[in-house]
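The values are calculated or read from the model by the stated rules, or taken from the named source; none is laboratory data. Computed from a prediction, not measured in an experiment: that's the story for all the values here. Counting neighbours? That spans all protein chains shown, and the Cβs are built from the backbone with ideal geometry, glycine included. We work out accessible area using only protein heavy atoms, side chains counted, and drop any ligands, DNA or RNA first. Shrake-Rupley method; radii C 1.70, N 1.55, O 1.52, S 1.80 Å.
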Amino acid sequence: MTIQLDLENSANWQSFYTQSYNVQTTAYGYYPIPKTVLPVLASTPVLHVSTSSSDVGRNWNTGGWLTPLFDNAIALARHNSFWLPLNGSRLVVLAGDYASTYQLQFSTPQWMRSITLTIFEYTGAIGDTTDAQLTAIQAQLEQIQSLISL
């Protein structure tokens, strides 16, 4: 499947979720930021996700992981996790069929003390060129078949 997106048009993006996470400190240290299922449902297969933190080590490059969760009527099914760069962003594109809505789980490395997660949802048209490609292949096969039958 080949999809066509207009990613550069800012009108095709809608702010979807922003949240800051912090460790819980105790007298003996801190509890790491727990895995969190976001309290929103996503409805598009294309997301722009960024993380930001000023409390980082010199060699840290991982902001966390985003995992789509699909309700398959029996239990929540997990999709592969997407690595998120620290103080950076990435495009998350779900391949294949997906439910009309799905949840997202966010997790961070255990040493992360504070981080902000920002997600934008792609709301523009998603074009699929699969049918056109199949039609072109079918036409080529018919040409080859007519050449063979000569």
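Flag not set for Thr25, criterion: out of contact with any Phe, Trp or Tyr (no Cβ under 9 Å at 6 or more places or on another chain), part of a strand (DSSP E or B) and loosely packed, with under 13 Cβ neighbours inside 10 Å.
Of everything listed in (1) open to solvent by 70 Å² or more (accessible area, probe 1.4 Å); (2) part of a loop (DSSP other than H, G, I, E, B), the single unmet condition for Ala11 is (2). Restricting attention to segment 99-111, and to residues there that are more than 15 Å from Ser50 (Cα to Cα) and open to solvent by less than 50 Å² (accessible area, probe 1.4 Å), which single residue is modelled with the lowest pLDDT? Here the residue is Ala99.
Look at Val56 and say whether it is at pLDDT below 95, under 21 Å from Thr18 (Cβ atoms) and either open to solvent by less than 20 Å² (accessible area, probe 1.4 Å) or under 13 Å from the mean Cα position of the chain (by Cα) (or both). No.
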